[in-house]
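Below is one structure; the comments refer to it alone.
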Amino acid sequence: MKHLLGCEGMSADEAISLLDTAAEFSALAGRKVPKLPTLRGVSVANLFFEDSTRTRLSFESAAKKLSADVITFTGQGSSLSKGESLKDTAQTIEAMGTHIIVVRHSSSGAAWRLAHSGWLRSSVINAGDGTHEHPTQALLDAFTLRARLHGDSALGKDLSGVSVVIVGDIAHSRVARSNVHLLTTLGAHVTLVAPKTLTPSEVDQWPVDYTASFDEALATYPQAVMMLRVQNERMKGSHFPSPREYISHYGLSTQRFRRLPKSTLVMHPGPMNRGVEISSVAADSEQSTILEQVTNGVWVRMAALYAVHGQEGSVNG
Ligand code: CP
């Protein structure tokens, strides 16, 4: 593939191929020198116009593990403050010799624009655009679910029949959108839980169930519960009466967590607001996959870089 811009329209075969490649890369975890020559000579530019800890650092780590050269741009301290545009910033960085541009931007559609406006020759990977998509997050979530549920026999498998409840600020969540597309394409049954005010109007066109009651969704004993952060930075005005009311209805409190079967996985893309959408008891429990998701993000982003660079055959270069 030339670009990786979203999970909408991605086929199950394409998704499984990316997950399988990531699984091959994950074998590096046990090696003394966790590095491959696969992308030697390839230059990756991380363009982060919006803040990030996990995504930016794991793309950097992924590129370095594949022996690519990496440069990273962040909005702060750059010539954006002098009025430089997205196009001029991206073209300036590409002029330094990049092959792959990883972009995060607060505007939905920014990654698509870089990929399809004829401004650049580089491959583009979307690292999160506004409220639109965050495809590598959904891929690492799917990878984590598949690894936990299928273990050593995960290769080639989809998520048929797996039940996942996604809870919280669906309206502003690119993670939720990408997960709805990817998890349902892979055969999972997805239930979205949110107050009406944090539910997108198009939810009835998505292949998911919807309820405003978290407790009703938990009563179905889902195999995974994915908690989302309330994205205050994307909200205009108030979407619920008070944080206390939100927590009582939509938080994975210790009390709610203790009602879950021991086999139910607790997921969160991070960053977490402990004590708001998730209690520390839930976040730090054995059922939590939160740090595994971060680790798996590196393997998935290696697979994404490998795929957009048009590599075929052995992942070992
Ligand atoms: N999950 C996620 O995108 O985290 P960051 O904002 O830290 O990259």
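The values are calculated or read from the model by the stated rules, or taken from the named source; none is laboratory data. In this text, all values refer to a predicted model and were calculated from it rather than measured experimentally. Neighbour counts run over all protein chains shown; Cβ positions are idealised from the backbone, glycine included. Please note that ligands, DNA and RNA were not included when accessible areas were found on the heavy atoms of the full protein model with its side chains. Shrake-Rupley method; radii C 1.70, N 1.55, O 1.52, S 1.80 Å.
Summary of computed values
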| quantity | calculated |
| --- | --- |
| Hey, Phe214 at pLDDT below 95 and surrounded by 14 or more Cβ atoms within 10 Å (Cβ to Cβ) or not | no |
| Number of the exception - Gly130 against (1) away from the ligand (no atom under 16 Å from the Cβ); (2) in contact (Cβ under 8 Å) with a residue 40 or more places away in the chain | (1) |
| Qualifying residue in the stretch 97-105 (condition: surrounded by fewer than 18 Cβ atoms within 10 Å (Cβ to Cβ) and either within 16 Å of the ligand (Cβ to nearest atom) or of a type in the set (Lys, Arg) (or both)) | no |
| Test: residue in the stretch 44-54 that is more than 13 Å from the ligand (Cβ to nearest atom), on the phi > 0 side of the Ramachandran plot and at pLDDT 95 or above | no |
| Qualifying residue in the stretch 172-181 (condition: charged (D, E, K, R) and under 23 Å from Glu277 (Cβ atoms)) | yes |
| Hits in the stretch 175-211 (condition: among the β-branched types (Val, Ile, Thr) and either within 16 Å of the ligand (Cβ to nearest atom) or open to solvent by less than 60 Å² (accessible area, probe 1.4 Å) (or both)) | Val175, Val180, Thr184, Thr185, Val190, Thr191, Val193, Thr199, Val203, Val208, Thr211 |
| Every residue from the stretch 151-174 that is at pLDDT 95 or above and away from the ligand (no atom under 16 Å from the Cβ) | Ala154, Leu155, Gly156, Lys157, Asp158, Leu159, Ser160, Gly161, Val162, Ser163, Val164, Val165 |
| Glu60 vs. criteria open to solvent by less than 60 Å² (accessible area, probe 1.4 Å), within 16 Å of the ligand (Cβ to nearest atom) and either among the basic types (Lys, Arg) or closer than 16 Å to Leu140 by Cβ (or both) | yes |
| Complete set of residues in the stretch 259-305 that are open to solvent by less than 60 Å² (accessible area, probe 1.4 Å), in a helix (DSSP H, G or I), within 16 Å of the ligand (Cβ to nearest atom) and among the polar types (S, T, N, Q) | Gln293, Asn296 |
| The stretch 18-42, subset surrounded by fewer than 16 Cβ atoms within 10 Å (Cβ to Cβ) and not basic (Lys, Arg), residue farthest from Asp141 (Cα to Cα) | Gly41 |
